[in-house]
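Here is the structure we will look at, set down as structure tokens.
What follows is calculated from the coordinates using simple rules that are stated; it is not laboratory data. Everything numeric in this text was worked out from a predicted model, so none of it was measured. No Cβ is skipped: glycine too gets one built from the backbone with ideal geometry, and neighbour counts run over all protein chains shown.
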Amino acid sequence: MAKIRDHRELVVWQKAMDAAMQVFEVTRAFPLEERYSLTDQMRRASRSVAAQIAEGWRRRRYRAAFINKLSEAEGEAAEMQTHIEIARRCGYLSDPVAAELDTVYNEILSMLVSMSKHIEKWTP
């Protein structure tokens, strides 16, 4: 594995950023009455996944801080899965789009769990 020098080189961060952009796009079609509730929650949580990963990467010299940020990112990703299901049940997301987003967040969660389990690979 090549030495990663920047959080933007992490595949998990790249996936989280792509997912956040996809969430931004799909929530543009949500009803206006959801602007300050579900739309806002989904956008904030999706952005937070990538932000927590980036922040954790910069704190990785402190293992506990790094693990905490990875855990925070996990929590935000799981929150996204709940918001996705709510949006699907409300009819704001089609089944295929909801399934695609859910799969992406499952992949992100898996990567975060793997990083946490093998923290020695990621910390100096």
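Loop only per DSSP, at most 16 neighbouring Cβ atoms within 10 Å: give me the chymotrypsin sites (Phe, Trp or Tyr not before Pro) in segment 1-94, ordered by residue number.
On the way: sites: 13, 24, 36, 57, 62, 66, 92; in loops: 62, 92.
Filter output for segment 1-94: 62.
Shown here for segment 21-124: trypsin sites (Lys or Arg not before Pro) in loop regions (DSSP other than H, G, I, E, B) with at most 16 other Cβ atoms within 10 Å, namely 28, 59, 61. Here the spin labels are modelled as points 7 Å beyond Cα on the Cα-Cβ line, and at residue 118 and residue 89 they lie 3.6 nm apart. Report summary: the helix-based calculation at 222 nm, which adds -39500 (n - 2.57) for every DSSP H run with n ≥ 4 and divides by the residues of the chain, gives -24000 deg cm²/dmol. Working from Cα pairs under 8 Å separated by at least six residues, relative contact order for the chain is 28 percent.
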